[in-house]
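Below: the structure, in structure tokens.
The values are calculated or read from the model by the stated rules, or taken from the named source; none is laboratory data. Quantities reported herein were computed from a predicted structural model and do not represent experimental measurements. So basically every Cβ, Gly included, is an ideal-geometry build from the backbone, and we count neighbours across all protein chains shown.
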Amino acid sequence: MMHHQPALHFLCNSEGLDVIFTLQGDPSLFVASAASQLLVHMLTLSVESESTTPLSEKDCDWPACAQMIIKHIEDSLQSGSASRINQSLKLLTSLFGSCRATWTEVLWLRIAKQVESFLTEDSVQTRHMLADLLLNMSRSPVFCDTEGSFWALVTSALEHLSPVQAGPLAVGILSLHKCPQDVRIQAMTVLLQPMDCILRAASQPLEYAGLLDESVSDPSTVESLLSSKSSCASLLCQTLAHLEKLLSLIHLPVDLPYTALLRSFVTILQFCSGLLIPATSLGSKISQILIGCGRVQKSALDALAALSERKGCDTVIGSLFDILLVYLESPNTSPTVLKKSFQAMSKWLARLPEMSCFNNQWQTEKILQDVFLVLQKRLCSPCWEVRDSSLEFLTSLIKSMRDQDEFKESLLSSEVPKLTENLLEDPESYVRASAVTAVGHLTFITYSLPETPVAGNQYNKEDTTAKLQDILSTDPESFPRRAVISIFTKWLKQGCTDQAEDTEKFVSRVIQTVERDLDWEVRIGGLELVEVFCVQTLCRAGLPKYPSAAASSTVTSSIQQNESLQIFCRAKLFRFLFWSLCDYDKPVGQKACDILLVLRASLSPSGLLKDCQGAGDVSVGHGIPWLQRTLRQGSLAQDFPTDGGNGVDFEDPESMMLALGTIDLEELHDELNKSSDHIEKSPQSLLEDILATVGTIDENEADCY
């Protein structure tokens, strides 16, 4: 309604604004947030539709509705009530985040002094809101391009807010591409101070100086927080999360001290594992607090993984791999921390070829052998989460390192492939699914191997395929079956099937299994396999995916179309596709319809389509009208004959060409893409629902809400 001026005037003139002001304090966060957002819409509409002259700080220049909302904001900010102040700060945060018009600067000038005063007051409840407000303002061109007062306020906030409160503001400022250098330095100081204190706490004074110059930063506040059991872990987790966010940016606007950060992350992990002997009293306190702290371990490992994307950390790589191996080997490592350790190790191992300190082949082989020894043990863990994480780690390694000879030799000479294959029969379905994925990716390595034993292992591609097809046919859980169909599709994309004829038989076997599956994600996975097969077949025949009418009219093209059509019929594709059109689950029908539209465009010349549309009395086509009726009625899959019943031969090229030319696939496509509640979502239906609640609010309370 707030796109229309009459609605705005109605609310302003009927005391509706007072109701919305009250709802800002509603105990339901959803209602309170919606009320605040509505006020933002109303203020924006009022100013932008009713202002005729440039606005000033004087009330008389502002439209009536805008005046009422701004007065409410000013009164709330001056009220001394923490809840009312927070409501207005949330409203302003939302406004400056969504509206970038120049009038927002005029509004800010009216309230700036009051907002600034909150920085020096003791109310913790109010001060934490300032970081979000200033961050949204800093992203607006209205404020980020200005010199002076606004950025001075940001600097003041970074100085006066506690490290926990200032952290989100600091990381937001460092993510900006336009920001004064002095503000950026202050933000960097806030973010790096905890890491600096960690390094100082762990080292002798002359051994390592830390990240920051003590002359420009006072570490006493952060040291106090780190030495307290109630705040140490929270501060480190927040700081590590902020650093991970920065390190994950594709274009980082600031230069971070990567080597020092890596050293600090490793030091935190050493504190948590009890391996570090602190050289300071602060270090002793931190060590006592952090030993076995899973929260901090996970945050440090996440930050460590993000840092792998940055270059220039080679000097401390040895200690990095040492601490990661400790976490992978330790029986005290929890399953969730182990998973994070695997993820970090995977990312850093992928960087081995470009690391100057690991250019020696022996060093690379040594670290890989150590990793696979640990992995062998973890694959046999009695804890299913550990087995699952181990398989995911193996898959990740294969994806990033399968072309490296040292990696392939180390992997194939270990027991890992055999243990992985054994886990295809694991009692836990999640593990079986991960084993399927890992075995499928192992095939990318073993596919190119000669049919001779490699380091004591025999790799039989046919056996692997048979095992996975057996899982697809018989596994009682859906996760392993989904994994199999996903792997089969990847194999097809990567060309891991030998000859075109074998591929045709392979696809045919798979879809005959998939079409009976009760899980819709397996069926849609089968359709994705069919889509890849169709595109590859058409490309091999020299047929474009979306041909022009001129291109498809040549004799050569007609021969190629006929050959492709025969392949699709032999593979029993059309039976699966038309059956899927009537699937219980709409996404399956949508996917099938999309594929049929592509096939029609590629296989049916426009002239042939016209001939097909007039061929209703041809003997091969007597079942097509029934097929059309069945599809229009949306008959369920179990009622859909696929064995030639009702005269439809899904393996006859002529019948299928006739079906493609006759059936209105566009109409089916439109029907399938309608939402199930498209009637109920109409404006009239909504108004009827609203009117139906009048006088019976108790009965309709849940629906109305």
Problem set entry | Neighbours by Cβ (under 6 Å, 6+ apart or cross-chain): first from the range 567-584, over 13 Å from Leu603 (Cβ atoms); second β-branched (Val, Ile, Thr) | Ala571/Val507; Arg575/Thr642; Phe576/Ile511; Trp579/Thr642; Ser580/Val588
Problem set entry | Boolean, Ser564 is in the same structural domain as Thr662 (by TED's automatic domain parsing), modelled with pLDDT of 90 or more, among the hydroxyl-bearing types (Ser, Thr, Tyr) and in a helix (DSSP H, G or I) | yes
Exercise. Which numbered condition trips up Leu627, out of (1) among the hydrophobic types (A, V, I, L, M, F, W, C); (2) at pLDDT 65 or above; (3) over 25 Å from Thr503 (Cβ atoms); (4) surrounded by fewer than 17 Cβ atoms within 10 Å (Cβ to Cβ)?
Worked result: (4)
Exercise. In the range 159-182, what count of residues is obtained for those that are among the aliphatic types (A, V, I, L, M) and either surrounded by fewer than 20 Cβ atoms within 10 Å (Cβ to Cβ) or not in a helix (DSSP H, G or I) (or both)?
Worked result: 3
Exercise. Do we have Ala157 as under 24 Å from Ser83 (Cα atoms), among the small types (Gly, Ala, Ser) and in contact with a helix residue (DSSP H, G or I) (Cβ under 9 Å, 6 or more places away or on another chain) here?
Worked result: yes
Exercise. What are the residues in the range 565-592 that are within 32 Å of the chain's Cα centre (by Cα) and polar (S, T, N, Q), if any?
Worked result: Ser580, Gln590
Exercise. Is there a residue in the range 158-165 that is touching a residue at least 12 places away in the same chain (Cβ under 8 Å), among the polar types (S, T, N, Q) and closer than 21 Å to Ser234 by Cβ?
Worked result: yes
For this session: Could you look through the range 17-52, keep only residues that are free of Cβ contacts under 8 Å to residues at least 24 places away in the same chain and within 13 Å of His72 (Cβ to Cβ), and pick out the one that is farthest from the chain's Cα centre (by Cα)?
Result: Asp18
Exercise. Within the range 491-509, how many residues are closer than 13 Å to Thr443 by Cα and surrounded by 17 or more Cβ atoms within 10 Å (Cβ to Cβ)?
Worked result: 4
Problem set entry | Boolean, Ile398 is at pLDDT below 95 and surrounded by 19 or more Cβ atoms within 10 Å (Cβ to Cβ) | no
For this session: Sort through Leu275, Leu252 and tell me the only one that's surrounded by fewer than 20 Cβ atoms within 10 Å (Cβ to Cβ), within 24 Å of Ala306 (Cα to Cα) and over 34 Å from the mean Cα position of the chain (by Cα).
Result: Leu275
